[in-house]
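Asker: Quick one: the structure is below, and I'll ask about it shortly.
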């Protein structure tokens, strides 16, 4: 199965980031996980949230930010990867001058129903 970036439309998730679902079971036929690109505009941040079932991995591909993971906050930049365990409150703020791009891998696949805003 294959998806092409230019054919994928971005949408806003419950946490306020703009997402492109690069691979998702509901659209592409894969089974157990999803891969998306999230973009956070300069000076913006996602809403604090958590996922009850989903483990997420964030990989920063462009920009820089400040990650909140549970009770910790730490800077992130290109090349950094963060694992977010199910049930862990988290969000990310773009602290740079340009867009912050994040690859988000989710298992099981991302769903709005598994996203609880805090």
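Values quoted throughout were computed directly from the atomic coordinates according to the rules given, and no laboratory measurement underlies them. Just so it is clear, the model here is predicted, and its values are computed rather than measured. All Cβ positions, glycine included, derive from the backbone under ideal geometry; neighbour counts span all protein chains shown.
Asker: State which residue is farthest from the chain's Cα centre (by Cα) when the search covers only segment 29-52 and only residues that are closer than 15 Å to residue 110 by Cβ and loosely packed, with under 13 Cβ neighbours inside 10 Å.
Answerer: 31
Asker: Only one of these conditions is not met by residue 22: (1) assigned to a strand (DSSP E or B); (2) surrounded by 12 or more Cβ atoms within 10 Å (Cβ to Cβ); (3) out of contact with any helix residue (DSSP H, G or I) (no Cβ under 8 Å at 6 or more places or on another chain). Which number is it?
Answerer: Of everything listed in (1) assigned to a strand (DSSP E or B); (2) surrounded by 12 or more Cβ atoms within 10 Å (Cβ to Cβ); (3) out of contact with any helix residue (DSSP H, G or I) (no Cβ under 8 Å at 6 or more places or on another chain), residue 22 misses just condition (3).
Asker: Of the conditions (1) under 16 Å from residue 89 (Cβ atoms); (2) surrounded by fewer than 17 Cβ atoms within 10 Å (Cβ to Cβ); (3) in contact (Cβ under 8 Å) with a residue 40 or more places away in the chain, residue 16 fails just one. Which one is it?
Answerer: (3)
Asker: Consider segment 54-79. How many of its residues are farther than 12 Å from residue 102 by Cα, outside any strand (DSSP E or B) and in contact with a strand residue (DSSP E or B) (Cβ under 9 Å, 6 or more places away or on another chain)?
Answerer: 2
Asker: For segment 65-85, enumerate the residues that are more than 14 Å from residue 48 (Cα to Cα) and surrounded by fewer than 17 Cβ atoms within 10 Å (Cβ to Cβ).
Answerer: Residues satisfying the conditions are 74, 75, 77, 78, 79, 80, 81, 82, 83, 85.
Asker: Also, quick follow-up: Take residue 108 and decide whether it is surrounded by fewer than 17 Cβ atoms within 10 Å (Cβ to Cβ), touching a residue at least 60 places away in the same chain (Cβ under 8 Å), within 23 Å of residue 8 (Cβ to Cβ) and in contact with a strand residue (DSSP E or B) (Cβ under 9 Å, 6 or more places away or on another chain).
Answerer: yes
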